[in-house]
1. Rounded to the nearest 0.05, what FRET efficiency do Leu16 and Lys99 give with R0 = 25 Å and r taken as the Cβ-Cβ distance? Could you check?
2. Could you work out the relative contact order of the range 2-259? I mean the mean sequence separation of Cα pairs under 8 Å and 6+ apart, divided by the number of residues, in percent.
3. How would the range 1-79 be classified by its alpha-carbon gyration tensor: rounded, prolate or oblate, with rounded meaning a/c under 1.5 and the a/b versus b/c comparison settling the rest?
4. Less than 12 Å Cβ to Cβ from Leu247, Lys/Arg counted +1 and Asp/Glu -1: what total charge do the surrounding residues give?
5. Do the sum for the chain: with -39,500 (n - 2.57) for every DSSP H run of n ≥ 4, divided by all residues, what is the mean residue ellipticity at 222 nm, to the nearest 500 deg cm²/dmol?
6. Among Glu253, Glu151, Glu7, rank each residue by its count of other Cβ atoms within 10 Å, from fewest to most, as a rough exposure measure.
7. Measure nothing but the geometry: give the 0 to 90° angle between the long axis through the Cα atoms of 106-132 and the longest principal axis through the Cα atoms of the chain, rounded to 10°.
8. Can you give the FRET efficiency to the nearest 0.05 for Val186 and Leu5, using r as the Cβ-Cβ distance and R₀ = 35 Å?
Amino acid sequence: MFAHLKELYRYRDLLLSLALRDIKVRYRQTVLGVAWAVLQPLAFMTIFTLVFGKFGKVSSDGTPYPLFSYTGLVPWTLFTSGLSLAVSSVAANMSLVKKIYFPREVFPLAAILGCLVDFLIAASLVVGLMVFYRVPVQPQLLWLPWLLALEVAFLVSVALAASALNVFYRDIKYIVPLVVQLGLFVTPVIYPVSKVPAHLLPWYMLNPMAVVIDGMRKAILHGQAPQLGPLVTATLLVAVLVLAAYLYFKRAEVKFADLI
């Protein structure tokens, strides 16, 4: 394991180069450029505010629904966009995989790094919304690095496993978007965690993205610390998932060149 990580570190320049390439390709010949990173969650925020906030009267725990939904959509968009790009990243680079050796995990990791840039751009609008709705800055924002690291680690674990499986079973690239769409309804993007029945809450909070989004909302909107129990549990769970996914990826990569 440590040998693999040491080898990955040696190829850090390649990882950064691929991430920059993905960013440039994504916005090449677009009129709005990186503004698309903000427009996607902003568009969903508008739709969710009208459909669920105005028509459906979905609770937002006393927070203006546009701000409530946007703070959930930004981390959710990072997860969905990062996963969708990472799933096909190995198969899409078949020419490089066949020709030369380097750690193949750089492909899904580069896709995630590129999406992190979009996340930071989109997150800047949260600051603007906080100013507009007069939400004060609280010390609890110091929890955000832990929550973001938890999300990225979870995303890495799913991306590594899915991108490796997609080499062997091309159905994966069709299954993942479906699962992600369904995941929106078991993650507190549209509604708050307070609406989840108490007897289901322990199981519900096993979803790391539920812990991340609920924790971010608590820290940003309410000046509260995340629930420590679910946060620690999710961190330990994700640590196991990352280890298992990485070991699986390294075992599978020796067969990539023969199958792609």
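Readers should treat all values here as calculations from the given coordinates under stated rules, not as data from a laboratory. Every value quoted in this text rests on a predicted model; they were computed, and no experiment measured them. Positions of Cβ are generated from backbone atoms using ideal geometry, with glycine treated the same way; all protein chains shown enter the neighbour counts.
1. On the way: r = 20 Å, r/R0 = 0.82.
Plugging the Cβ-Cβ distance into 1/(1 + (r/R0)^6) gives 0.75.
2. Details: 276 pairs, mean separation 66.8, N = 258.
Relative contact order comes out at 26 percent.
3. Numbers: a/c = 5.22, a/b = 1.93, b/c = 2.70.
Oblate, because a/c is 1.5 or more while a/b does not exceed b/c.
4. Details: positive: Lys250, Arg251; negative: Glu105, Glu253.
Spelling it out: positives minus negatives among the neighbours equals 0.
5. Working: 13 runs with 178 residues, N = 260.
That calculation yields -22000 deg cm²/dmol at 222 nm.
6. Values: Glu253 17, Glu151 25, Glu7 13.
By the 10 Å Cβ count, ascending, the order reads Glu7, Glu253, Glu151.
7. The helix 106-132 is inclined about 20 degrees to the chain.
8. Numbers: r = 32 Å, r/R0 = 0.92.
Approximately 0.60, to the nearest 0.05.
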